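A.B. asks: Pasting a structure here, questions to come.
The values are calculated or read from the model by the stated rules, or taken from the named source; none is laboratory data. Bear in mind that the values here come from a model prediction, so they are computed numbers and not experimental data. Reconstructed Cβ throughout: ideal geometry from the backbone, glycine too, with neighbour counts over all protein chains shown. Accessible surface areas use protein heavy atoms only, side chains included; no ligands, DNA or RNA. Shrake-Rupley method; radii C 1.70, N 1.55, O 1.52, S 1.80 Å.
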Amino acid sequence: MTDNHMIDDIDKRLLRLLQTEARMSITELAEKVNLSATPCARRIKRLEDNGIITGYYTQTDAEKMGYPLAVFIAISMDRHTAERFEQFERKVQSFNEVVSCSIVTGRSEDYMIKVRVRDMAHYEEFLLHRLNRIEGVAQVHTSFELREVFSRSIV
C-alpha cells in the first residue's frame, strides 16, 4: 500500500479533502468522492493503518498567535558523529520556537531549521542563549522569511 500506484484516485481525492478540512464528516467525504459512508470509512482507516495518514491536527496562524517572524537557520556541527547529531536533535526538538528541523546535503551546513519568534529580541535570545549553547553547534547562518508563498502536503 505504500507504493504510489497502490493509492488510487479516490484515495487521493479523500486525502486532498482531509488536508483542507479534516473535520469533515464521513458522510460529507463520501458524498464528495461518490462513495457510500462505509466504503469511505474503510478507505480512510486503511490509509491510517498503512501510515499514509499520520495524524490530524489543528493548523494555526503564526502571526495571529504572536509569532510573525519566520527564520531559517542553517547549522554546522563541529563533529559528524551519531552521538553529536542525536544530542543536537533532542535539544532542538525541545525548543517550542522550532517548527521544523531537517538534515540537509548540498550545503556546507548540516541542518536547516525553521523557527517562529515574536520579534528580533526574541530571535536574539533564542540564538544566543539557547541554540548557540547546544554542544557541537559550530556555526549558524540565518535567513529571514519575507513571505511564505505556499505550504502544502504531498498527495
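A.B. asks: Report in % the part of the accessible area of the chain that belongs to carbon and sulfur, leaving out ligands and nucleic acids; probe 1.4 Å.
C.D. replies: 48 percent
A.B. asks: Now a separate question. When the helices in the chain are scored as -39500 (n - 2.57) per DSSP H run of 4 or longer and the sum is shared across all residues, what 222 nm value do you end up with, to the nearest 500 deg cm²/dmol?
C.D. replies: That comes out to -10500 deg cm²/dmol.
A.B. asks: I need the semi-axes of the equivalent ellipsoid of segment 65-155: take the C-alpha gyration tensor, multiply each eigenvalue by 5, square-root it, list largest first in whole angstrom.
C.D. replies: Rounded to whole Å, the semi-axes are 22, 17, 12.
A.B. asks: Report the trypsin sites (Lys or Arg not before Pro) located in segment 81-155 that are in a DSSP loop and have at most 13 other Cβ atoms inside 10 Å of their Cβ, or state none.
C.D. replies: Here the trypsin sites (Lys or Arg not before Pro) that fit, given the DSSP loop and packing criteria, are 107, 147, 152.
A.B. asks: Quote the charge dipole size of the chain about the Cα centre in Debye, to the nearest 20; the model charges only the Cβ of Lys and Arg (+1) and of Asp and Glu (-1).
C.D. replies: About 280 debye.
A.B. asks: To continue, here is another question. Determine the per residue accessible area of segment 1-154 with all protein chains present and a 1.4 angstrom probe, expressed in square angstrom.
C.D. replies: So segment 1-154 comes to 69 Å² accessible per residue, rounded to a whole number.
A.B. asks: Right, another one. Taking the Cα centre of segment 41-84 as the origin and placing charges on Cβ (Lys, Arg +1; Asp, Glu -1), which of 73, 57, 41 is farthest toward the positive end of the dipole?
C.D. replies: It is 41.
A.B. asks: Let me ask you something else. Pick out, in residue order, every one of the trypsin sites (Lys or Arg not before Pro) in segment 1-56 that is DSSP loop and has at most 10 other C-beta atoms within 10 Å; say none if there are none.
C.D. replies: 23
A.B. asks: Now, a different point. What percent do you get for the relative contact order of segment 46-147 when only Cα pairs under 8 Å and 6+ apart count?
C.D. replies: Computed value for segment 46-147: 40 percent relative contact order.
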